[in-house]
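Undergrad: My questions all concern the structure below.
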Amino acid sequence: MKLSMKTFLFLPACGLALLMAGCSEQPTANTKKAEKPDPVSGQSALFKMYQVARTWAPDAEVTQMKSIHLTDVPAVRGEAGAWEATFYSPGKSAQRNYTYSVEEGEANLHQGVFPGQEESASAAAAKAFLIGAVKIDSGAAYKTALAHAAEYNKKNAGQTISFELGRGDTTPNPVWRVIWGESAGTSDESVLVDATSGEYLKTLH
């Protein structure tokens, strides 16, 4: 079968059209790269920081942790865009702060795990606990806290939820403090939840 000159001219034109169509899809891939990072739970961030802290001190124990609110990261109650934890080494009689962030931030907040300076802190031993004691994640702690702060939450549904983790005053276990607001000092409502058992402990106003 003979092909006409029009047919030969049509084939390159089709190839060019397909090439242009392929190029038009590239911005979609770039759009996906620009998507905002997802926040992470406290337990997940703590473990990531602990892995790095153990390279500093194999006997590293946790003394405290808090969430850091990032405006560019989607708000998910029970999670946060960044976390800061302090680890204590009995062998070194020293402590060290670490941060974990899902994106680059201001000051010393960097994406991934970032260590601070080692500091002498023998008194921190009284506050230290093993990471294995944190059996309840921040999301589960929030659900427990919400059950005991439903009325306040209803009136303040848009508030940021913050978290603090530390040694309890009335229990040997670490305790989650679930805070309605940016910090415990400025909050009118926060709930204490046992980080080992998940048990509700107290509501603070």
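Undergrad: Among the residues of region 97-128, which ones are within 26 Å of THR170 (Cα to Cα), in contact with a Phe, Trp or Tyr (Cβ under 6 Å, 6 or more places away or on another chain) and modelled with pLDDT of 95 or more?
TA: Passing the criteria: only ALA128.
Undergrad: Can you tell me which residue in region 193-205 is farthest from ILE179 (Cα to Cα), limited to those that are in contact with a strand residue (DSSP E or B) (Cβ under 6 Å, 6 or more places away or on another chain) and free of Cβ contacts under 8 Å to residues at least 40 places away in the same chain?
TA: Filtering first and then ranking leaves LEU201.
Undergrad: Which numbered condition trips up ALA123, out of (1) in contact (Cβ under 8 Å) with a residue 60 or more places away in the chain; (2) assigned to a helix (DSSP H, G or I); (3) of a type in the set (A, V, I, L, M)?
TA: (1)
Undergrad: So which of THR196, THR203, THR144 is among the β-branched types (Val, Ile, Thr), over 23 Å from VAL73 (Cα atoms), modelled with pLDDT of 95 or more and assigned to a helix (DSSP H, G or I)?
TA: THR144
Undergrad: If you don't mind, another one. Got a sec? Which of GLY105, GLY91 is exposed (fewer than 14 other Cβ atoms within 10 Å of the Cβ), over 27 Å from SER197 (Cα atoms) and not polar (S, T, N, Q)?
TA: GLY91
Undergrad: Specify the residue that is nearest to VAL76 (Cα to Cα); the eligible residues are those in region 147-190 that are in a loop (DSSP other than H, G, I, E, B) and within 19 Å of the chain's Cα centre (by Cα).
TA: For region 147-190, the residue satisfying everything is THR160.
Undergrad: In region 64-76, how many residues are in a loop (DSSP other than H, G, I, E, B) and surrounded by 19 or more Cβ atoms within 10 Å (Cβ to Cβ)?
TA: Of the residues in that region, 2 qualify.
Undergrad: For residues in region 115-143 being over 19 Å from the mean Cα position of the chain (by Cα) and among the polar types (S, T, N, Q), which is farthest from LYS202 (Cα to Cα)?
TA: GLN117
Undergrad: Now for a separate question. Of all residues in region 77-95, count the ones that are touching a Pro at 6+ places or on another chain (Cβ under 6 Å), part of a strand (DSSP E or B) and not acidic (Asp, Glu).
TA: So the answer is 1.
Undergrad: Kindly provide the set of residues from region 160-178 that are crowded, with 18+ Cβ neighbours inside 10 Å, free of Cβ contacts under 8 Å to residues at least 40 places away in the same chain and over 11 Å from ALA141 (Cβ atoms), ordered by number.
TA: Matches in region 160-178: GLY168 only.
The values are calculated or read from the model by the stated rules, or taken from the named source; none is laboratory data. Keep in mind it's a predicted model, so treat the numbers as computed, not measured. We place every Cβ from the backbone using ideal geometry, glycine too, and count neighbours over all the protein chains shown.
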